[in-house]
Amino acid sequence: MREALIARRPLGTREGEALRAFGRTTVVRITEQPLEPAFELQFDAGDKTTAAALAGATNLDLTAANRAVTAGATTALWLGPGNWLIKPGANSAAALAALERAVAATQSSLVDVSDLWFGVTVEGNRSRDLLAQGCALDLDPRVFAPGASAVTQLARLRSLIHHVAGSPVYHV
């Protein structure tokens, strides 16, 4: 007698069936983020003068490791020491122009990497568990608190995970 094969989706859900965990419905929602301009800023993290000039141009604290910082519509995500992913957001022309002037006056670089990054939002009460299965980061909220940002391998892809403030929402 042949065995019946059950098709399963990669995220573990089956059509029309809600997963249950501890008596409540488990929801993980993955949605695509809209494409937006992104720039990689690199500078000597040990050069306090350069860091101060760039921070003044962006109104962002570019010294906080493993963090995402926001000023107005501009967000900077830490990629490594002296290495930040800058997302200028809406009405970015003025913010970007100020940053370009500061970069030109210092020993730093600003590269348009808009085509390099693709983003998804992973949210829901089991979102942390889902991400933890594919990466080596400790995503426990006591360690990877809201506002944290780190580069890791997620399912063998270089990924940036940002724990958004509030409920369990992650931008990947």
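Couple of notes before you dig in:
- Any chance Glu123 is of a type in the set (D, E, K, R) and over 26 Å from Ala55 (Cβ atoms): yes
- Which listed residue, of Pro168, Pro146, is under 20 Å from Val27 (Cβ atoms) and touching a strand residue (DSSP E or B) at 6+ places or on another chain (Cβ under 6 Å): Pro146
- Total residues in region 134-171, condition within 9 Å of the chain's Cα centre (by Cα) and open to solvent by 30 Å² or more (accessible area, probe 1.4 Å): 4
- So Leu131, is it aliphatic (A, V, I, L, M), over 16 Å from Arg67 (Cβ atoms) and open to solvent by less than 70 Å² (accessible area, probe 1.4 Å): yes
The values are calculated or read from the model by the stated rules, or taken from the named source; none is laboratory data. Computed from a prediction, not measured in an experiment: that's the story for all the values here. All Cβ positions, glycine included, derive from the backbone under ideal geometry; neighbour counts span all protein chains shown. The accessibility values were calculated without ligands, DNA or RNA, using every heavy atom of the protein model including side chains. Shrake-Rupley method; radii C 1.70, N 1.55, O 1.52, S 1.80 Å.
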